[in-house]
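> Shown below is the structure under consideration.
The values are calculated or read from the model by the stated rules, or taken from the named source; none is laboratory data. Only a predicted model underlies this, so the values are computations on that prediction, with no experimental measurement involved. Glycine also receives a Cβ, built like all others from the backbone with ideal geometry; neighbour counts cover every protein chain displayed. Calculation scope for accessible area: heavy atoms of the full protein, side chains included, ligands and nucleic acids excluded. Shrake-Rupley method; radii C 1.70, N 1.55, O 1.52, S 1.80 Å.
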Amino acid sequence: MKKYNKVFITVVLITVLFVGLVCGYWIMSPTKAVIKDDGYQRFLSDIEVISKEKHPSGSPAIQNVRDYLVQQFDKIGCPYEIDSFIMKNEFSKNFNLTNFLVKLDAKDSDSGVMFVSHYDSVNSSFGAGDDGVSVAAMLETIRQMSDTKDLKNDIYFLFTDGEEQWMLGAKYFAETYAEYKDKIKLVINLEARGNEGTLLMFETSNNNKAIVQMLNNALSDITAFSFSAAVYKTMPNNTDLTEFLEEGYSGINFAVVDGGENYHTAMDNFENLDRDTAYMFYKTTKELATYLAYADLNSFGSSEDAVYFPMLKGNIVVVSQTITIVVSSLLLIATLALFIYLFIKKRISFLKTVFSLLGTIVSICAGIGFVWLLNKLANSSNLFGEPTYENVFQIRETMNLVLMICIILFVSLWMWFSSRWQGTIGSRILGTFPVLWLLTAATTIYFPSITYLFSIPLFLQLVFIIFYEWYKGKYKTTIGIIMLSVSAIVIMILLVPITLVVYQALFVYNRFIEYAYYFAIVEAFFISSIASPFSILLNDKK
């Protein structure tokens with residue numbers, strides 16, 4: 001068995017963690033814009049005009065946006081409907097609203113799909129991201145598809161008014177035009193809660209397996225997490241899609257969530273809109289409309305949800321929820337059986353396992369405590385200035401990155417220390433393994449949409465233990481290092497994008513540091529689960 005210096009193995013661990021961190025951030029970055037695309041340039045010009053003024057519903061400025069839309073529809077030569085109406089918002093205030101509906105007609109079909117975006121902004125924002133970029137993406141897609149003669153499905157584009165007043169335009173359409181429910185097989189809503197980052201598919205209707213598989217086939221670049229759809233259902237947030245889902249439509253929701261410091265502020269303007277993010281809206285809308293124009297819409301029905309997550313940039317893994325539950329259950333049984341066997345054979349020491357677990361907890365607390373101290377020192381020296389809505393998101397993301405780096409360092413230090421304490425094969429890895437097993441079991445039963453986050457690392461640890469316990473070849477340590485390096489990168493690729501989405505989308509502004517510490521425990525646990533198998537190699541004196 002080839003020997004390796006302990007410093008070398010530690011450097012490998014830190015390196016692969018860093019590589020995994022970079023890969024995770026890369027997955028969540030938007031695709032680079034193709035500047036020379038004429039359609040993209042027209043699309044940017046549309047955004048610039050739409051977001052020239054703050055244009056909330058009921059304001060004089062919103063009439064300028066309506067006039068521009070009508071001008072473009074007439075220039076394209078596409079058929080469209082104008083629907084003006086009066087609706088009351090939650091505070092019983094009347095609004096004079098106008099929806100626009102464009103239909104690209106398929107001669108031999110009476111069914112289709114509908115894209116939805118809203119062209120109103122809030123009083124404080126120019127609405128370039130929320131939601132001018134979506135309106136412009138739909139408008140340019142209409143331009144490019146309006147002359148298509150061989151459509152197999154109708155493509156509708158609904159431009160709603162009053163979304164910022166509790167989705168009034170979408171509510172009116174969904175409740176008033178009941179005849180469309182049988183015609184429209186899928187509603188695609190385009191939204192934004194920021195103005196940078198990649199475009200996320202964050203919400204679907206129930207029984208989404210076929211729909212998610214369709215998206216994976218239709219789009220050349222997609223980022224989506226099954227856990228976000230499950231979590232979003234429990235939250236009080238609403239979009240235009242909410243009104244359609246309540247009326248029984250099937251649908252999907254796209255949005256960007258990075259750049260939240262600009263959300264509903266004057267900073268949401270054309271100049272500050274990330275051009276690569278804008279390109280994601282343009283590209284996604286065009287590709288999806290083109291695909292759905294010829295797809296078999298009857299194939300979208302499904303009796304179950306899917307479990308899905310990104311693994312490589314622009315692609316997602318899609319697995320049946322039933323298969324996920326079955327495979328996870330078998331994994332839990334196999335893992336439990338293996339460790340019962342190892343205990344019987346006295347290959348695992350209970351006391352040293354407890355020692356390893358306590359050491360892991362101490363290293364987690366040390367990492368979090370160190371960052372807490374840094375934060376206190378930064379605040380006392382006024383390093384960040386006064387926390388404001390404009391800078392709090394950057395502070396939060398900076399602190400999250402510092403947390404992850406410190407956790408890597410502190411867990412690595414614990415691994416280095418524990419490597420000096422000779423023990424059995426399980427004395428290191430079992431410091432995190434029981435928690436990982438319990439999390440896999442709990443999510444398999446109660447939250448299968450996210451069980452992959454725990455079951456995949458559990459499987460990787462199981463494979464490594466089986467290999468290390470039974471393989472006696474010459475290059476055992478070399479193969480072990482390679483296996484653990486690949487496992488570390490895979491786990492970080494699973495963890496980092498979810499971490500970014502949670503920090504960007506779910507944390508409340510005035511409690512971001514508190515939430516950051518809570519979530520840091522999750523990050524620390526996963527990094528510990530990566531580091532602990534490496535300590536077996538450090539301990540090996542055979």
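> Please give, to one decimal in nm, the separation of the simple spin-label points placed at residue 182 and residue 325, each 7 Å out from Cα toward the Cβ.
Those two pseudo-labels are separated by 3.4 nm.
> Can you give the extra length, in nm with one decimal, that the chain gains between residue 469 and residue 315 once fully stretched, where that is 0.36 nm per residue apart less the Cα-Cα distance? Could you put the intermediate results ahead of the total?
Working: separation 154, 0.36 × 154 = 55.44 nm, distance 3.52 nm.
Here the answer is 51.9 nm.
> For the ranges 437-443, 104-110, 449-455, 284-290, what's the packing order if you count other beta-carbon atoms within 10 Å of each residue, average per peptide, and put the highest first?
Details: 437-443: 18.6, 104-110: 13.4, 449-455: 23.4, 284-290: 21.6.
Highest to lowest by the protection proxy: 449-455, 284-290, 437-443, 104-110.
> Let me ask something else. Taking amide H positions as placed 1.01 Å from N in the peptide plane, with prolines and chain starts having none, which residues 5 or more places from residue 184, or on another chain, fall under 5 Å of its amide H?
The list, which skips near neighbours in sequence, is 112.
> Which ³J(HN,Hα) values, rounded to whole Hz and listed in residue order, are derived for region 321-326 from phi using the Karplus coefficients 6.51, -1.76 and 1.60 in 6.51 cos²θ - 1.76 cosθ + 1.60 with θ = phi - 60°, glycine and proline given as x?
So the Karplus estimates, Gly and Pro as x, are 4, 4, 4, 4, 5, 5 Hz.
> Now for a different question. Between residue 194 and residues 5 or more places away or on another chain, which pairs have amide H atoms under 5 Å apart, with H built 1.01 Å from N, and which residues are they?
Under 5 Å from the amide H of residue 194: 256.
> Then there is this: Student exercise: in region 139-273, how many lysine pairs 8 or more apart or on different chains have Cα atoms under 19 Å apart?
Lysine pair count for region 139-273: 9.
> So what does residue 198 come to for accessible area, using a 1.4 Å probe and Å² rounded to 10?
10 Å²
> Another one. Give the distance, in whole Å, between the Cα centre of region 232-298 and the Cα centre of region 65-144.
Answer, in whole Å: 14.
> Another question about this same structure. Between residue 358 and residue 221, what is the spin-label point distance in nm, taking each point 7 Å from the Cα along the Cα→C-beta axis?
Between residue 358 and residue 221, the label points sit 5.2 nm apart.
> Could you please report the charge total around residue 324, scoring K, R as +1 and D, E as -1 over all other residues with beta-carbon less than 15 angstrom from its beta-carbon?
Values: positive: 209; negative: 304, 305.
Net charge around residue 324: -1.
> A further question on this structure: For residue 68, what charge total do you get from the other residues with a beta carbon under 12 Å from its beta carbon, if Lys and Arg give +1 and Asp and Glu give -1?
Net charge around residue 68: -2.
> Further question on the same structure: Hey, what did region 1-134 get for relative contact order, percent, Cα under 8 Å, at least 6 apart? Intermediate values should be presented prior to the final figure.
Values: 105 pairs, mean separation 34.6, N = 134.
Relative contact order, region 1-134: 26 percent.
> Moving on to the next point. At a probe radius of 1.4 Å, what is the per-residue accessible area of residue 163, in Å² to the nearest 10?
20 Å²
> Calculate one ³J(HN,Hα) per residue across region 447-458 by plugging θ = phi - 60° into the Karplus curve 6.51 cos²θ - 1.76 cosθ + 1.60, and present them in order as whole Hz with x for glycine and proline.
Taking θ as phi minus 60°, the curve returns 8, x, 4, 10, 4, 4, 4, 9, 6, 5, x, 4 Hz for region 447-458.
> Using amide H atoms built in the peptide plane, which far-off residues or other-chain residues are under 5 Å from residue 115 H to H?
Residues meeting the criterion, in which the H sits 1.01 Å from N, are 156, 157, 158, 188.
> List the lysines whose Cα lies under 23 Å from the Cα of residue 32, skipping any in the same chain that are fewer than 8 positions away.
Excluding near neighbours in sequence, the set is 283, 286, 313.
> Put 98, 322, 31 in order of accessible area, largest first, 1.4 Å probe: what do you get?
Working: 98 10, 322 80, 31 35 Å².
Ranked from most to least accessible, the order is 322, 31, 98.
> In addition: Given points 7 Å out from each Cα along the Cα-Cβ axis, report the residue 88 to residue 275 separation in nanometres with one decimal.
Going from the residue 88 label point to the residue 275 one covers 4.8 nm.
> Can you say what percent of the DSSP beta bridges in region 163-278, counting only those with both residues inside, are antiparallel? Round to 5.
Working: 5 of 11 bridges.
About 45 percent, rounded to the nearest 5.
> In square angstrom, rounded to the nearest 10, how much accessible surface does residue 29 have for a 1.4 Å probe?
Only protein atoms counted, so the area is about 30 Å².
> Assuming R0 = 45 Å, can you tell me the calculated FRET efficiency for the pair residue 334 and residue 149, based on Cβ-Cβ distance, to the nearest 0.05? Please list the in-between numbers first.
On the way: r = 57 Å, r/R0 = 1.26.
For residue 334 and residue 149, the calculated efficiency is 0.20.
> Assuming a viscosity of 1.306 mPa s and a temperature of 10 °C, what translational diffusion coefficient in µm² per second does Stokes-Einstein assign to region 223-275, Rh being the Kirkwood radius over Cα pairs?
On the way: Rh = 13.4 Å.
Result for D is 118 µm²/s.
> In whole Hz and in residue order, list the ³J(HN,Hα) couplings for region 275-287 that follow from phi through the Karplus curve 6.51 cos²θ - 1.76 cosθ + 1.60, θ = phi - 60°; x for Gly and Pro.
With the stated coefficients, region 275-287 comes to 5, 5, 5, 4, 4, 4, 4, 4, 5, 5, 4, 5, 5 Hz.
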